[in-house]
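What follows is a single structure, written as structure tokens, with notes after it.
The values are calculated or read from the model by the stated rules, or taken from the named source; none is laboratory data. The structure presented is a predicted model; accordingly, all values stated were derived computationally and were not measured. Here the Cβ is made from the backbone with ideal geometry for all residues, glycine too, and neighbour counts use every protein chain on show.
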Amino acid sequence: MIRFENVSKTYKNGTPALRDVTVNIDKGEFVFLVGASGSGKTTFLRLLLREELPDKGRILEAGRDIGTLSSWRVPYLRRNIGCVFQDFRLLPNKSVFDNVAFALEVIGRPRSTVESQVPQILDLVGLADKARNLPGELSGGEQQRVAVARAFVNRPLILLADEPTGNLDPTNSEVIMALLERINRTGTTVVMATHDKALVDRMRRRVIELDHGEVVRDQARGVYGIDEPVIR
Amino acid sequence: MRVYLRYAVKETLTNLWRNRMMTIAAVLTVAVSLSLVGAALLLKQSAAQASAQWQQGTRVTIWMQPTATQSELANVQNQLSTLPIVKNCTFFTQAQDYQEALKILPPSESSVLHVSDMPSSFRCVPTVPSNAFVVESTFATQPGVYRVTAPEQQIRQMNRAIRILQVVFLALAAVLLLSATVLILNTIRMAIFARRREVSVMKLVGATNWFIRVPYMTEGFLQGLIGSLIAVGAVTALHTWYPLHNEFQLNTNALLGTNAVVLVAGVAIGSVGSAIAIRRFLDV
């Protein structure tokens with residue numbers, strides 16, 4: 001589903017963000033991307049979204065080299081990728097329903113689709129009764145669930161999550177993780193960048209660790225950091 | 001497609017309403033500047049038409065008193081035929097001049113004229129245009145002569161005045177058009193800024209670039225269009241109500257042409273303004 005072949009990326013100020021990264025992620029996998037701040041996790045996700053282009057190497061998504069994609073096709077690539085962020089990125093002046101509906105409307109889905117899909121997905125994230133509320137009236141956990149609903153309403157093949165639990169307490173993090181697992185079970189590939197050690201350790205999923213832009217560990221049922229000294 | 005149209009219309013109208021003060025300023029600036037352009041174009045066309053009409057034929061006209069005697073007429077005619085600076089002359093009787101006056105003057109003025117009030121006239125072509133003055137000074141004081149006119153000189157003076165007026169109009173219009181473009185650009189920029197969250201979400205979920213751009217494009221387009229429609233109204237009003245002599249009165253085609261130029265210019269300004277704003281501030 002996702003394949004990085006010897007990908008390198010250096011930003012204009014000279015900081016290397018990724019160095020010769022080769023990674024293969026199969027369809028339906030659940031992958032944690034871990035590493036310190038500045039290790040290249042976010043660059044990895046931005047490359048997948050084609051917000052950046054690699055300096056060297058190729059990135060294949062669903063068998064297609066996204067580096068050769070003409071710019072007018074990039075939106076169609078993004079329709080197959082859902083995104084969730086630490087800061088939710090909801091539109092504050094639109095209701096929960098409209099926030100989710102917006103994602104369908106702006107890619108030209110007909111009203112009938114919007115009216116059938118949005119309640120269904122809000123039901124899935126457990127917010128059917130808050131459809132008419134504004135994001136500001138919701139808790140952080142609830143807002144993140146709206147964001148997940150928005151990312152998944154178009155049934156993308158891939159779901160990217162950049163520190164989705166970074167602003168949430170453990171209980172709410174659990175709810176979000178349960179949701180991502182459920183989405184993963186439908187066959188959606190999930191790639192999640194995180195700092196949350198407890199969460200990664202408990203889930204026992206594939207872990208890719210980046211350090212200064214290099215893959216230092218790629219482990220099939222891994223934990224957050226095996227070599228990490230315990231700080232007391 | 002229907003979803004798209006509804007979205008684009010809704011977004012455009014919301015943007016215009018949100019920025020209504022800026023929108024009004026931009027629309028009015030477009031309207032004023034294009035009215036000036038239209039007026040300058042009308043002025044140019046009517047001046048060209050009038051001088052074309054006047055220049056064919058007579059360069060100097062010696063108007064006789066309506067009461068001039070046969071001997072006075074014969075005297076003038078004799079002198080003209082012997083004067084070397086005069087190439088040729090045509091005598092117009094009172095009846096002929098009356099017919100011409102009917103053509104040139106509006107009915108309200110020509111209806112009070114009688115044939116007996118009309119002067120008869122000698123229409124002369126001097127060898128060189130500047131000799132018109134010599135003819136004028138020679139005959140102005142002759143018995144039976146009412147007065148001598150050299151329309152070409154007047155046309156020249158009038159043309160110079162019109163040219164200056166035109167340059168002033170066009171210079172003002174150029175400055176105003178530039179500020180109209182900048183105003184439209186700024187309005188679109190503010191609209192884009194107000195919607196930056198929406199735009200970033202749209203990019204994220206895969207809205208196409210055109211889908212994102214179109215509301216801003218139509219916003220600028222509409223501002224230019226509305227401004228130029230107001231200008232078309234002003235130009236048409238000027239053409240319809242401003243009292244002009246028949247020679248200046250343009251036909252409907254000339255007015256339509258001018259209005260077409262004004263419309264196209266308005267739409268172009270709006271589109272250019274929004275295109276620049278989109279290129280610079282909408283990162284898609």
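May I ask you to list pairs of residues, at least six apart or on different chains, whose Cβ atoms are under 7 Å apart, with the first in region B:181-206 being more than 7 Å from every other protein chain (Cβ to nearest Cβ) and the second being not in a helix (DSSP H, G or I)?
B:187/B:19; B:190/B:19; B:191/B:19; B:192/B:282; B:199/B:282; B:203/B:284
In this structure, is residue B:97 loosely packed, with under 14 Cβ neighbours inside 10 Å, under 13 Å from residue B:64 (Cβ atoms) and assigned by TED's automatic domain parsing to the domain that holds residue B:63?
no
How many residues are part of a strand (DSSP E or B) and in contact (Cβ under 8 Å) with a residue 40 or more places away in the chain if we restrict to region A:1-36?
Going through region A:1-36 one residue at a time, the tally reaches 23.
Please indicate, with yes or no, whether at least one residue in region A:171-184 is outside any helix (DSSP H, G or I), in contact with a helix residue (DSSP H, G or I) (Cβ under 8 Å, 6 or more places away or on another chain) and either at negative phi or within 14 Å of chain B (Cβ to nearest Cβ) (or both).
No, every residue in region A:171-184 fails to be outside any helix (DSSP H, G or I), in contact with a helix residue (DSSP H, G or I) (Cβ under 8 Å, 6 or more places away or on another chain) and either at negative phi or within 14 Å of chain B (Cβ to nearest Cβ) (or both).
As an exercise: evaluate residue A:111 against (1) more than 30 Å from residue B:5 (Cα to Cα); (2) in contact with an Asp or Glu (Cβ under 9 Å, 6 or more places away or on another chain) and give the number of the one condition it does not meet.
Of everything listed in (1) more than 30 Å from residue B:5 (Cα to Cα); (2) in contact with an Asp or Glu (Cβ under 9 Å, 6 or more places away or on another chain), residue A:111 misses just condition (1).
Among the residues of region A:37-46, is any within 16 Å of the chain's Cα centre (by Cα), within 25 Å of residue B:283 (Cα to Cα), free of Cβ contacts under 8 Å to residues at least 40 places away in the same chain and outside any strand (DSSP E or B)?
yes
Which one is modelled with the lowest pLDDT among residues in region A:168-222 that are closer than 30 Å to residue A:16 by Cβ, β-branched (Val, Ile, Thr) and crowded, with 18+ Cβ neighbours inside 10 Å?
A:200
Say we look at region A:47-83 and pick out the residues that are facing chain B (nearest Cβ under 9 Å) and in a strand (DSSP E or B); which of these is surrounded by the fewest Cβ atoms within 10 Å (Cβ to Cβ)?
A:83
Can you name the residue in region A:95-111 that is buried (at least 17 other Cβ atoms within 10 Å of the Cβ) and within 10 Å of another protein chain (Cβ to nearest Cβ) and, of all such residues, is nearest to residue A:141 (Cα to Cα)?
Only one residue tops the list, namely A:99.
Kindly indicate whether any position in region A:131-152 is hydroxyl-bearing (Ser, Thr, Tyr) and not in a helix (DSSP H, G or I).
Yes, region A:131-152 contains a residue that is hydroxyl-bearing (Ser, Thr, Tyr) and not in a helix (DSSP H, G or I).
Please state which of the following conditions residue A:114 fails to meet, knowing it meets all the rest: (1) of a type in the set (Val, Ile, Thr); (2) more than 14 Å from every other protein chain (Cβ to nearest Cβ); (3) surrounded by 20 or more Cβ atoms within 10 Å (Cβ to Cβ); (4) assigned to a helix (DSSP H, G or I).
Result: residue A:114 passes all but (2).
Is it true that residue B:37 is within 20 Å of residue B:260 (Cα to Cα), part of a helix (DSSP H, G or I), assigned by TED's automatic domain parsing to the domain that holds residue B:207 and modelled with pLDDT of 85 or more?
In short, yes.
Within 30 Å of residue B:268 (Cβ to Cβ) and modelled with pLDDT of 80 or more: is that true of residue B:60 in this structure?
Judged against the criteria, residue B:60 is not a match.
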